[in-house]
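Novice: Attaching a single structure in structure tokens format; questions to follow.
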Amino acid sequence: MQKTYLRADESFIHNLPKAELHVHLDGSLRPQTMFELASEREVPLPVSSIESLASYMMVPEGSSLEGYLKRFELTLLVMQDCDALERIAYELVVDHAAENVRWLELRFCPQLNREQGLSAEEVLDSVLRGMRQAENDVAERGQSIQSEIILCGLRSHSSAVTSETAELAVAYMRHGVCGFDLAGAEAGHPVLNHRHAINRAYQAGLPITLHAGEGLGPESIQQ
Ligand SMILES: [Zn+2]
């Protein structure tokens with residue numbers, strides 16, 4: 001009997017309703033937005049055009065985890081005020097809706113957006129404002145998308161700071177936060193350093209995800 005296969009061309013994939021469960025807010029800026037935010041805020045970039053910024057931000061395949069994390073340092077330079085955070089979150093949701101994503105879980109560590117004095121709550125509220133505005137605008141166009149946040153603790157932070165992030169995640173549970181994650185450089189930063197934060201979020205009922213095995217291999221997953 002002859003088998004028939006569905007042809008999964010681009011429009012077929014586009015039209016499928018999708019869920020995006022793993023996207024980093026600070027890894028998802030439109031190059032043009034990053035460029036504009038940097039010039040408005042006089043943040044120096046290593047390149048001088050939007051096109052070269054787009055290619056600079058592409059990490060060559062096979063690069064180390066640290067190679068990826070270097071790019072995050074650059075995006076974070078323009079993610080230190082409420083307006084920028086709101087805009088970036090707004091665009092991320094709108095861009096996913098344009099790809100027919102209906103459920104979006106975006107993740108980030110709010111402690112990294114506090115270089116200019118924002119509180120973690122101000123960071124989170126700004127991102128949530130952008131997300132909710134985007135959902136409303138998408139709905140007005142007759143489409144639909146729902147988005148939630150997974151808050152990340154960073155392995156390289158002290159256990160006190162990740163515990164603070166876990167408390168924040170618990171406080172915003174059912175108000176925009178749907179999970180707690182551990183991310184960042186693995187070498188020298190074992191997951192067990194953050195046992196308290198993970199237990200706090202887990203016992204409060206938050207689903208947990210852990211980045212592991214990207215920087216150190218299987219032994220990091222076994223931890
Ligand atoms: Zn990730």
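The values are calculated or read from the model by the stated rules, or taken from the named source; none is laboratory data. Note that the coordinates shown come from a computational prediction; the quantities given were computed from them, not determined experimentally. Here the Cβ positions follow ideal geometry from the backbone for every residue, glycine too, while neighbour counts run over all protein chains shown. All accessible areas refer to the heavy atoms of the entire protein, side chains included, with ligands and DNA or RNA removed. Shrake-Rupley method; radii C 1.70, N 1.55, O 1.52, S 1.80 Å.
Novice: Which GluC sites (Glu not before Pro) in segment 28-58 pass both tests, a DSSP loop state and at most 10 other beta-carbon atoms within 10 Å?
Specialist: Loop-located and lightly packed - GLU42.
Novice: Calculate, in whole percent, how much of the Cα-Cα pair population of segment 38-86 lies beyond 17 Å.
Specialist: Roughly 41 percent, once rounded to a whole number.
Novice: Could you look at the chain and say what percent of its accessible area is carbon and sulfur, using a 1.4 Å probe and all protein chains?
Specialist: Roughly 52 percent, rounded to a whole number.
Novice: For segment 57-128, what's the radius of gyration and Dmax over Cα atoms, in angstrom?
Specialist: Considering segment 57-128 through its Cα atoms, Rg and Dmax are 13.7, 36 Å.
Novice: When N counts the residues of segment 1-108, how does its alpha-carbon radius of gyration compare numerically with 2.2 N^0.38 Å, as a ratio?
Specialist: Dividing the Cα Rg of segment 1-108 by 2.2 N^0.38 Å gives 1.31.
Novice: Give the Rg (one decimal place) followed by the Dmax (whole number) of the chain, computed from C-alpha coordinates and expressed in Å.
Specialist: Rg, Dmax (Cα atoms, Å): 18.5, 67.
Novice: Could I ask something else about it? Can you tell me the accessible area per residue over segment 6-87, all protein chains present, probe 1.4 angstrom, in square angstrom?
Specialist: Heavy-atom SASA per residue in segment 6-87 reads 62 Å².
Novice: Then there's this: How large is the direction-averaged shadow of the alpha-carbon convex hull of segment 112-170, in nm²?
Specialist: Mean projected area for segment 112-170: 4.8 nm², to one decimal.
Novice: I've got another one for you. Once R0 is set to 30 Å, what does the formula 1/(1 + (r/R0)^6) return for the Cβ-Cβ distance between GLU122 and GLN146, expressed as a FRET efficiency to the nearest 0.05?
Specialist: 0.80
Novice: Whole-Hz Karplus ³J(HN,Hα) for segment 194-210, in order, using 6.51 cos²θ - 1.76 cosθ + 1.60 and θ = phi - 60°, x for Gly and Pro?
Specialist: Each residue's phi maps through the Karplus curve to give 10, 3, 4, 4, 5, 4, 4, 5, 5, 5, 7, x, 7, x, 10, 10, 10 Hz.
Novice: Any chance you could run the full-extension gain for LEU21 through LEU192? It's 0.36 nm times the residue separation minus the Cα-Cα distance, nm to one decimal.
Specialist: Taking LEU21 through LEU192 to full extension adds about 59.1 nm, to one decimal.
Novice: Given the options VAL127, VAL93, VAL101, which has the most mean-square fluctuation in a GNM of the chain, springs set between C-alpha atoms less than 10 angstrom apart?
Specialist: Looking only at VAL127, VAL93, VAL101, the biggest GNM fluctuation is shown by VAL101.
Novice: Taking 7 Å along the Cα-to-C-beta vector as the label spot, tell me the GLU66-ALA160 distance in nanometres, rounded to one decimal.
Specialist: Label-label distance for GLU66 and ALA160, simple model: 2.7 nm.
Novice: Among the trypsin sites (Lys or Arg not before Pro) in segment 1-98, which ones are in a DSSP loop with at most 16 other Cβ atoms within 10 Å of the Cβ? Mind listing them?
Specialist: LYS3, ARG7, ARG41
Novice: Taking segment 101-223 as the region of interest, what is the percent of Cα-Cα pairs per 10 angstrom bin, listed from the shortest bin to the one with the maximum distance?
Specialist: P(r) for segment 101-223, in whole percents per bin: 13, 41, 31, 13, 2.
Novice: Pick out, from SER49, TYR5, ASN15, the residue whose Cα sits farthest towards the positive end of the charge dipole of segment 1-55, with +1 on the Cβ of Lys and Arg and -1 on the Cβ of Asp and Glu.
Specialist: Checked the options; the winner is TYR5.
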